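The values are calculated or read from the model by the stated rules, or taken from the named source; none is laboratory data. On a predicted model such as this, the values are computed, not experimentally measured, just so you know. Note that each Cβ is placed from the backbone with ideal geometry, even for glycine, and that neighbours are counted across all protein chains shown.
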Ligand SMILES: Cc1ncc(COP(=O)(O)O)c(C=O)c1O
């Protein structure tokens, strides 16, 4: 079947769609058929400008030939090989190349790489590494993890436990965790450009939770340096530095979840570099392979890795791993992606566009329903006032309206979240903003 032919649509019943209102969607589907550069084409042949890098992942833009060629070559050479008590060169090669662009720079020593298949797997891997490390160094009572309200750390049982989005948690059992307050404060920080000025004191929640539970019960604290999925929530100035200081004081490992911020989103290779705050573990996925092949990676510090490399040499040090950890085809996609990032300076390109992006987004300040605009690097959020008794429906209507006119945005609650591919040009930034502006005027 050629889905790029106009109106060539599949049967919709069987695919149980993730994070989707299945019945609503299947009654009025939006189907993308192909993609190139900054644009998708839908099954009816309409062009759709990608304002979200797919799902925060296609950082180098769509349809990169270099990645396709590398994947094809690898599939023909070695389609799959195990990495349990076995190995293949390309996974080691990829880890070594990642070790050169490591979060925090080479001096941070975050260059021990554990491969996973997704962001959720990276998060659960990092949580398990943290707990196992504490036990390995004689701190076996440390099994609790501290997360944050409104945090999103994927959908594994570990990730939902430390996450703070109620709909993802309410019907599932959880591992021991507690939560700091989130840092969204529209009353004090509305329309901040870049990092908000107010809220540093919220970092003291970590100190409070340490006092509540006892430091000897806490293995790690995990935060997104910038929360994406909850609607782009930024850390107040000095906040991450303070979290680092408190975690260090009590022997608590710090995990940065960089599944969104990793690979250039803020104008530096990682948020770790942007903030100059170095954690003990960094979770990544998405931009790792430009979204082309599923893969995630956890960067661990040498301290954490070495802490677990004890006991007899024939003993497995960490009873954890996935069939697809270090998958050869994903590794090939990842290496090709890193080459593109390096050749086109994409890991720092957002820095040069950040001000244009910021001014363009903030030009929407006085449009109907807008209660806040937030931005950092090439990430943006436009928060709308909710309709009485129907939260989320206004932003959803803007999303549908934009899609019909040829722009893909993402909405979460009443927040429009934007994260275009890092190859975006200034004219395309203007197009995104003017299309959203028009939609805001149309939607009641
Ligand atoms: C910060 C963060 N962590 C984890 C995840 C989960 O990643 P995945 O959907 O690949 O499992 C996401 C996904 O958006 C994310 O934003």
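How many of the residues making up segment 405-444 are closer than 23 Å to residue 390 by Cα and either part of a helix (DSSP H, G or I) or out of contact with any helix residue (DSSP H, G or I) (no Cβ under 9 Å at 6 or more places or on another chain) (or both)?
If we filter segment 405-444 for residues that are closer than 23 Å to residue 390 by Cα, which is where we start, we get 408-418, 436-444.
Add one more test, that the residue is either part of a helix (DSSP H, G or I) or out of contact with any helix residue (DSSP H, G or I) (no Cβ under 9 Å at 6 or more places or on another chain) (or both), and what stays is 436-442.
Residues flagged as closer than 23 Å to residue 390 by Cα and either part of a helix (DSSP H, G or I) or out of contact with any helix residue (DSSP H, G or I) (no Cβ under 9 Å at 6 or more places or on another chain) (or both) within segment 405-444 amount to 7.
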### Task
Scan segment 118-152 for residues that are closer than 27 Å to residue 330 by Cβ and either within 16 Å of the chain's Cα centre (by Cα) or at pLDDT below 95 (or both) and jot them down.
118, 119, 120, 121, 122, 123, 124, 125, 126, 151, 152
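If the requirement is being surrounded by fewer than 23 Cβ atoms within 10 Å (Cβ to Cβ) and at pLDDT below 95, which of these qualifies: 155, 106, 171?
None of the other options fit; the residue is 106.
At positive phi, away from the ligand (no atom under 13 Å from the Cβ) and in contact (Cβ under 8 Å) with a residue 60 or more places away in the chain, is that true of residue 231? Let's see the steps before the verdict.
Details: at positive phi: yes; away from the ligand (no atom under 13 Å from the Cβ): no; in contact (Cβ under 8 Å) with a residue 60 or more places away in the chain: yes.
So residue 231 fails the test.
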### Task
Would you point out the residue of segment 265-276, among those that are in contact with a strand residue (DSSP E or B) (Cβ under 8 Å, 6 or more places away or on another chain) and under 20 Å from residue 112 (Cα atoms), that is nearest to the ligand (Cβ to nearest atom)?
271
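Having 3 or more residues that are surrounded by fewer than 13 Cβ atoms within 10 Å (Cβ to Cβ) and over 23 Å from the mean Cα position of the chain (by Cα) is the bar; report the helices (runs of 4 or more DSSP H) wholly within segment 1-88 that clear it. Reasoning before the result, please.
Numbers: elements: 22-27, 53-56, 65-77.
In segment 1-88, 22-27, 65-77 are the helices (runs of 4 or more DSSP H) which contain 3 or more residues that are surrounded by fewer than 13 Cβ atoms within 10 Å (Cβ to Cβ) and over 23 Å from the mean Cα position of the chain (by Cα).
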### Task
Tell me, yes or no, whether segment 379-392 has at least one residue that is within 15 Å of residue 231 (Cα to Cα), in contact with a helix residue (DSSP H, G or I) (Cβ under 7 Å, 6 or more places away or on another chain), at pLDDT 95 or above and in a loop (DSSP other than H, G, I, E, B).
yes
### Single condition residue 336 does not satisfy, out of (1) assigned by TED's automatic domain parsing to the domain that holds residue 260; (2) in a strand (DSSP E or B)
(2)
#### Entry: Residues located in segment 47-76, provided they are without any contact (Cβ under 8 Å) to a residue 40 or more places away in the chain and more than 17 Å from residue 343 (Cβ to Cβ)
72, 76
